[in-house]
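These notes are about the structure you will find just below.
The values are calculated or read from the model by the stated rules, or taken from the named source; none is laboratory data. Worth saying up front: this structure is predicted, and the values here are computed from it rather than measured. We place every Cβ from the backbone using ideal geometry, glycine too, and count neighbours over all the protein chains shown. Protein only, heavy atoms only, side chains kept; ligands, DNA and RNA dropped before computing areas. Shrake-Rupley method; radii C 1.70, N 1.55, O 1.52, S 1.80 Å.
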Amino acid sequence: MKESPSYRAAAPETLRVVPLDTLTLIYHRASGMTHVVDAPVPEILETLGKEALTNAELLARLSQAFDLGDADPAALTLRLEEMVASGLVERL
């Protein structure tokens, strides 16, 4: 049985997070790119912090901290993989 991957947010010193009304700007120093994101990206980064979590662990923590209307593990995995591709999250 294959273990599910763990995810960890990029190092805080590589990110500059600026809330802007309903959106959030995230400057990723390592890539030099600025990302304009909406929920749940900032919440995922906040919840991950420096700790590595599996999809299930992250979903449980997000459900405790935020009112999730649709706690879909597949949707979270898709969002995490998008964040991996952008460099905001690392897959372990």
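Of note:
- Those residues of the range 24-70 which are in contact with a strand residue (DSSP E or B) (Cβ under 8 Å, 6 or more places away or on another chain), open to solvent by less than 50 Å² (accessible area, probe 1.4 Å), within 20 Å of SER4 (Cα to Cα) and in a helix (DSSP H, G or I), in sequence order: ILE44, LEU45, THR47, LEU48, ASN55, LEU58
- Within the range 1-25, residues that are in contact (Cβ under 8 Å) with a residue 12 or more places away in the chain and small (Gly, Ala, Ser) reach partners that are open to solvent by 70 Å² or more (accessible area, probe 1.4 Å) and part of a strand (DSSP E or B) with beta carbons closer than 7 Å, at six or more positions or on different chains, in the pairs ALA10/GLU90.
- Among the residues of the range 71-92, those identified as open to solvent by 70 Å² or more (accessible area, probe 1.4 Å) and under 13 Å from the mean Cα position of the chain (by Cα) are LEU78, ARG79, GLU82, ALA85, GLU90, ARG91.
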